[in-house]
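Heads up, the thing below is written out as structure tokens.
The values are calculated or read from the model by the stated rules, or taken from the named source; none is laboratory data. The structure presented is a predicted model; accordingly, all values stated were derived computationally and were not measured. In this analysis, Cβ positions are derived from the backbone assuming ideal geometry, glycine residues included, and neighbour counts consider all displayed protein chains. With ligands, DNA and RNA removed, areas are computed over all heavy atoms of the protein, side chains included. Shrake-Rupley method; radii C 1.70, N 1.55, O 1.52, S 1.80 Å.
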Amino acid sequence: MKFRGKMIDPNCIKQFIGILGCMTKLGKSCILRITTTDLYFIVRESQTISASPLIWCALDEGHFFSEFGMEGLSTVDNEIYLEFVAENVARTLSALKVSGTAKSVKIKLTKKLSSPCLTFEIDLPSGTNHSRLVVHDIPVNLVPRRLWNDYLEPEAMDPDISVHLPQLRLMKSIVERMKNLANMATVHVTSEGLLTLTVETEAVSVTSHFDNLHVEKKKEEEASVTIELKRLSNFLGHEQLNPQKVVCDVLQSKLMHLNFLSDSYTLQYFLPGINDQ
Amino acid sequence: MFLFNNKQQFLVRINPTNRQRLINVLHKLLITKTRAGSFPASECGEFSQLPKTSHVKLQQFETFVMPRFSSQNVPVEQNHVLMIRMDNAKIISHILKAINFKENSVFCCTKDGLKVTVEDMKSVQLNAFIEPGIFQSYVVKEEEIKFQLNLTVLLECLNVFGSSGLQSGTSPALKLYYNGHGTPVSILLEESGVITDCKIRTVHFDPVLDYDFGTSNVIGRIIMSSECLKEVFCELDSTSDCVQFSMSPDSANFRITTFGHSGTYHVDIPKASDVIESLRCTSPVSFKYKLSLMKPSIRPLGIAQKVSLRIDDTGLICFQFMIKVEDNHNCYIDFYCPADVDFEEDE
């Protein structure tokens, strides 16, 4: 198995760091799936039986990498599945962020430290003509073929209602506050493009109304789901990814599905509904 | 959503967003009320036929409940005994944040303004006074309206759109209303087209201490810049249990003393200095106060322009902080703390 990719465009590097940062904050362990066309980051909820992923993120290799090469498990299964501890990558990222813009970032699958590693080679600019090369080796586990099925692409869902989310910044600050009041909130969307977020506690009930949202799809007149505020707030913290739009699908009582859409990547976030009855 | 009056009747204001929830709550409520025997069984019978599915049409529900139970109640909007409207909710949250050293707060509204009291252990008390001029509209229909609620929750609500400083960031518009004893305080906030409505439950009202601070008993009074006093307060020796304020007609200084492990510190502020605007003292004053009890005064001190310090003959100290909130409006926060008797006896 082989994999190497090189990024030179500062915007791509920035975006890549942003997405990777998102993964590291949302999950403990993360799966990297490499195919000939796309790079996938998958975070699954730990300690649950449900096979559905929490995050599913697909990156277009052609957009991010100026040079790219991979050789999968076999010609039939020409893919690579790696598992890494998100925290380790977070450290690499902090090195990247502190030093400002890197000239280039190379990512390779190597065999060092007696285990397979994902090697980040970061070429940093310096005051003098000498360039600095920072190398991070992140130990990874190769996911055996028989477990690949655990990380299948989630099936296209059929939402009851699907709307575009309002400004994330505004929504984030509201969710942040609500988080201080309660653990759970109920999201309710209508086919008229009204989204409400409600928390109820013994001391207070708070409802925020966002109206005039663009409705992408409607099967029902309305739908609502109760979700964990901490998770929603974690996710909304990634507004800096600057997606073109964020689509929110609601499946009555079951699921809130957030989809960051951009030309070069898609990031899907699954928030399972909590039964509060 | 539910308003109970003491006759076990209720008015349901239907909010489409919570229909399913509402029905569920109604069902639960029915069961508990029936068990408690406080709900006439005849009415229950009809209630139990409420559709249980989530696909009930809103109209169905409305016709089912409204005519029967809302007939005796005038529309909710006209029931307000208190209505406050302001264009910038930041101002009120700025003031209230400064007194939020305990969760419980008592609101007292009269035509002269709004007074919010937070106290601890029936001794230390912080009062915020907000004059009606700060609000765009302030309607009080009764002589005095008092209610108690969780101030921390109120502040979370007021800052729902973000809480950067008074000048910067967002400034949501606020409408607050209250319908009288036993009802929640409703708050509507609007910012960039997004509306948030909050209903904060009021709790049983505990009377607060009324410090009778008559001007005749005041033996020492200083008006000074809060900046200077804040610096002094922040640097007080924290190993000391108490802090002593002293002044006398003969002395040239206002003295603040701490008694810590490493020694006794005096901070002397000369009467003639620029930071003291006026100092009046009729007889020598020297009282000690628990340092821990003085702590809640630091936050209002931080946002105040000026502070007036008064001590009466029993040692009760009162700080009055003047806080400039808008071009020509000031808010005031009072801080009361009684002198520590134990320390007096030690001497």
Find the residue count for the stretch B:107-133, including only residues that are in contact with a Leu (Cβ under 6 Å, 6 or more places away or on another chain) and closer than 20 Å to residue B:325 by Cα.
-> 2
Residue list for the stretch B:293-307, restricted to those being open to solvent by less than 10 Å² (accessible area, probe 1.4 Å) and in a strand (DSSP E or B) = B:307
So residue B:212 clears everything in (1) without any contact (Cβ under 8 Å) to a residue 12 or more places away in the chain; (2) more than 30 Å from residue B:316 (Cα to Cα) except one condition, right? Which one?
-> (2)
Looking at the stretch A:175-264, what strands (runs of 3 or more DSSP E) fall wholly within it and have at least 1 residues that are facing chain B (nearest Cβ under 9 Å), of a type outside the set (Val, Ile, Thr) and open to solvent by 70 Å² or more (accessible area, probe 1.4 Å)?
-> A:195-200
Meets criteria (modelled with pLDDT under 80 and open to solvent by less than 70 Å² (accessible area, probe 1.4 Å)) for residue A:102 | yes
When residue B:151 is evaluated against the numbered criteria (1) farther than 20 Å from residue B:80 by Cα; (2) open to solvent by less than 10 Å² (accessible area, probe 1.4 Å); (3) more than 14 Å from every other protein chain (Cβ to nearest Cβ); (4) not hydroxyl-bearing (Ser, Thr, Tyr), which criterion, by number, is the only one it fails?
-> (3)
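Would you please name the residue that is least open to solvent (accessible area, probe 1.4 Å), looking only at residues in the stretch B:194-210 that are touching a Phe, Trp or Tyr at 6+ places or on another chain (Cβ under 9 Å) and more than 8 Å from chain A (Cβ to nearest Cβ)?
As a first pass, look at the stretch B:194-210 and keep what is touching a Phe, Trp or Tyr at 6+ places or on another chain (Cβ under 9 Å): B:194-196, B:202-203, B:205, B:209.
If we keep only those that are more than 8 Å from chain A (Cβ to nearest Cβ) as well, we get B:202-203, B:205, B:209.
Values: B:202: 32, B:203: 75, B:205: 58, B:209: 61 Å².
That would be B:202.
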Name the pairs whose Cβ atoms lie under 6 Å apart, with the first residue in the stretch A:65-81 and within 14 Å of residue A:106 (Cβ to Cβ), the second open to solvent by 50 Å² or more (accessible area, probe 1.4 Å), and 6 or more positions between them or separate chains?
-> A:66/A:8; A:69/A:4
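From the list A:105, A:89, exactly one residue is within 21 Å of the chain's Cα centre (by Cα), β-branched (Val, Ile, Thr) and in a helix (DSSP H, G or I). Which is it? Give the steps one after another, and end with the answer.
Values: A:105 fails: in a helix (DSSP H, G or I).
The unique qualifying residue is A:89.
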